[in-house]
Amino acid sequence: MESTFAYFYENYHDDLYQFIFYMVKDKETCEDLVQEVYIKVMNSYDSFKGDSSPKTWLFSIARHITIDYFRKQKRKRKRISQLFDWSEKGELIHDQHPLPEEIAVQNEMIQTVYRYLNKCTPDQRSVLILRYIQSFSIQETAEVLNFSISKVKTTQHRGLKQLRKYINLQQQEGGDAL
């Protein structure tokens, strides 16, 4: 079991961390989710059939854990928003976390793309991150996301189109279109 963990950690940890970070944009949350991925991998490695590469299997688990995290957050926000009187107390809430563009990326164009990834659907964001940031092939991306190859291509095309639209809007307005 220790050698299995060492294999995944040595070969894929940086890519795994980066993938989850681009999805959640919070260091502590990312670290927690990466740990969950490793726990899931260790607990289910015996059932890994080898139908895909270990990297593809790992990223598929990471994607599912990240989606589950977003679902839990959505349910929490919904419960909180029902209990909280936003008209009286809403202006007192201040976000203490740095903006995503203040973290990790320095090149201006990459910052712009990174910002606008949030405007894409979760499927588009996943495809774009896997294809262009993690350098996965279309086939690997399809396996990780459990999509057909044509769905990956279509989702990638639509995601890129969405990004171009926001970048063009920003350029036309001469500033940030967020």
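Since every read-out is calculated from the coordinates, none of them should be taken as a lab result. Source: prediction; values computed, not measured. Counting neighbours? That spans all protein chains shown, and the Cβs are built from the backbone with ideal geometry, glycine included.
So here's what we get for this one:
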| item | result |
| --- | --- |
| Given 25/76; 74/161; 40/151; 55/76; 25/119, the pairs whose alpha carbons are separated by over 22 Å | 74/161; 40/151; 55/76 |
| Unit charges at the beta carbon, dipole of the stretch 1-86: most positive-side option, 12, 64, 44 | 64 |
